[in-house]
1. Does residue 96 fit the bill of being aliphatic (A, V, I, L, M), closer than 20 Å to residue 177 by Cα and crowded, with 20+ Cβ neighbours inside 10 Å?
2. Within the set of pairs 6+ apart or on separate chains, which have a first residue in the stretch 245-261 that is free of Cβ contacts under 8 Å to residues at least 60 places away in the same chain and closer than 16 Å to residue 173 by Cβ, a second that is in a loop (DSSP other than H, G, I, E, B) and open to solvent by 40 Å² or more (accessible area, probe 1.4 Å), and C-beta atoms under 9 Å apart?
3. Would you mind telling me which numbered condition in (1) within 30 Å of residue 258 (Cα to Cα); (2) acidic (Asp, Glu); (3) crowded, with 17+ Cβ neighbours inside 10 Å residue 91 fails?
4. What are the residues in the stretch 86-132 that are outside any helix (DSSP H, G or I) and small (Gly, Ala, Ser), if any?
5. Need the failing condition index for residue 184 against (1) under 27 Å from residue 90 (Cα atoms); (2) in a helix (DSSP H, G or I); (3) among the β-branched types (Val, Ile, Thr), just the number.
6. Out of the stretch 221-255, which residues are of a type in the set (Ser, Thr, Tyr) and more than 14 Å from the chain's Cα centre (by Cα)?
7. Can you go through 174, 164 and tell me which one is hydrophobic (A, V, I, L, M, F, W, C) and open to solvent by less than 10 Å² (accessible area, probe 1.4 Å)?
8. Taking the stretch 170-221 as the search range and keeping residues that are closer than 14 Å to residue 238 by Cα and among the charged types (D, E, K, R), which one is modelled with the lowest pLDDT?
Amino acid sequence: MEGASTRGAALAGPVRATSGTCRIPAGVAGSPRPAIPGPYAGQDDPVQPSTPRPVPRSTPVPQPAATPAPSPLRRAPVQRRSAQRLARILDACAELLDETGYEDLSTRAVAGRAGVPIGSVYRFFPNKRAMAEALARRNLDAYADRISARLAAPGQPPGWRAAMDVVIDEYLAMKRTVSGFALVEFTVPAPRESRQANYEVADRLLRLLAGRLGLDPADDRLRTVFLVGVESADALLQLAFRTDPEGDPVIVAETKALLRAYLARDLDGTAGAAGPGGAAGSAAGDETTGASLAGGTLGSGPGHP
């Protein structure tokens, strides 16, 4: 104990008596903080609160450009047979994700399931992460195709509310029926704070719906609104599937109601506000949607169970 006290005193630095007072070296508990140069000089109160400047609602928040990430493929298929082999590899990857999970996924197992030599897998992908990234990109393309097909179908109601229902319904259909989608949706498994896929998903949806709804896909305000909508729906629908393997219908209904309420302030009054789900009938439309979803009717159209 005595040795420890001696070492602690030595590490703390010399203590000199000056005019009967004890000077404590900077850095030791209880010592005054060193002067801070620059615009913050003299602000020695460590608990001095800062007052954030409010951001007016009308001020757009610029979003980083969602430039597509570099292709995970070592080489793109040129011939039809090569493209078919790549599709088999990705199909096998998706099936094994459901069976083993991402951590136990291996390129050798994928090659065996796809019925191709291991060299064929490495011809396209350097590792399993690149393979999962290619699967995620294929999922996003398929998601956009499904939404486009539903919106172009005869009898599809106009208006942005009906379009957003399609966006949610097609995600639910893929979550339930597409192999590997439970683990690899539009990005590989990664900590939430490092994910960037939702920026691309939000911009993709905005571009997809822009012509139909009369929106400007380059508008920073709309890009922010779609990003917030995608992030919110993502979190809530993950909760729905944690609560119920098929997606809790009550949480799904609440997700749709939340999106409608949030998007109304920016999308009502646009060309996409027309139709049965327009501003005049928004409240009734929300109640009808919530009732039908709570009853288990989560969508109608191709791909829905």
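1. Details: aliphatic (A, V, I, L, M): yes; closer than 20 Å to residue 177 by Cα: yes; crowded, with 20+ Cβ neighbours inside 10 Å: yes.
Answer is yes for this residue.
2. From residues that are free of Cβ contacts under 8 Å to residues at least 60 places away in the same chain and closer than 16 Å to residue 173 by Cβ, the pairs are 249/295; 249/296; 249/297.
3. Status for residue 91: all satisfied but (1).
4. First, pick out the residues of the stretch 86-132 that are outside any helix (DSSP H, G or I): 101-106, 115-117, 125-127.
Correct list: 101, 106, 115.
5. (2)
6. 243, 255 - these are the residues of the stretch 221-255 that are of a type in the set (Ser, Thr, Tyr) and more than 14 Å from the chain's Cα centre (by Cα).
7. Numbers: 164 fails: open to solvent by less than 10 Å² (accessible area, probe 1.4 Å).
Answer to the check: 174.
8. Taking the candidates together, the pick is 192.
The values are calculated or read from the model by the stated rules, or taken from the named source; none is laboratory data. Since we're looking at a predicted model, the values are computed, not measured. Positions of Cβ are generated from backbone atoms using ideal geometry, with glycine treated the same way; all protein chains shown enter the neighbour counts. Note: areas computed on protein heavy atoms with side chains; ligands, DNA, RNA excluded. Shrake-Rupley method; radii C 1.70, N 1.55, O 1.52, S 1.80 Å.
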